[in-house]
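Read the structure below first, then the notes.
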Amino acid sequence: MSIGFYQTIIILGYVLVSLGLVLLINKVFPSRILEEYNKNEPYLVKLIKGNINLAETFWLWGFLGFIIYGTVVFFASQLSAATELVLVLMLSYLVFASTVIWNSARTYKGKKQFAIAAQTAVVFVWLKQVFGVLVVNIFS
């Protein structure tokens, strides 16, 4: 199955919108909205704020999450009717995982190399998504 020019433009548009959402979430949520919660805040709120350990966030939501994500995307992409839904779900998880890893790295109190490595991994995942779409379109 080859991806056409217009489909590539739509996918890149989704990626750019998703990147914008990541930047917006990183700007708005930790600094204004989520700081109003108390110490008994739910796990998801702590996760989005970056108050969960970087190792847990990276390995659970990043590494393991992307293995599951990749498996689901692979099998779902075999169903041509589900392509649009798969794209939306894929980008939604990508935005979520990128945000929680980035925020956890931002608030990490340990060695700075680990925080930089986690944020670099997030950047590489996004680059892979963008260039993966371009390469598929060029060589199809």
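The values are calculated or read from the model by the stated rules, or taken from the named source; none is laboratory data. Predicted, not measured: the structure shown is a model, and the values here were computed from it. What goes into the accessible areas is simple: the full protein's heavy atoms, side chains included, and nothing from ligands, DNA or RNA. Shrake-Rupley method; radii C 1.70, N 1.55, O 1.52, S 1.80 Å.
Details
- The order of VAL130, VAL122 by accessible area, most exposed first and with a 1.4 Å probe, is VAL130, VAL122.
- Gain in span if fully extended, THR107 to THR71, counting 0.36 nm per residue against the direct Cα distance: 9.9 nm
- Heavy-atom SASA rank of LYS111, LYS46 (probe 1.4 Å, accessible area, largest first): LYS111, LYS46
- Accessible surface of LEU89 - all protein chains present, 1.4 Å probe, nearest 10 Å²: 100 Å²
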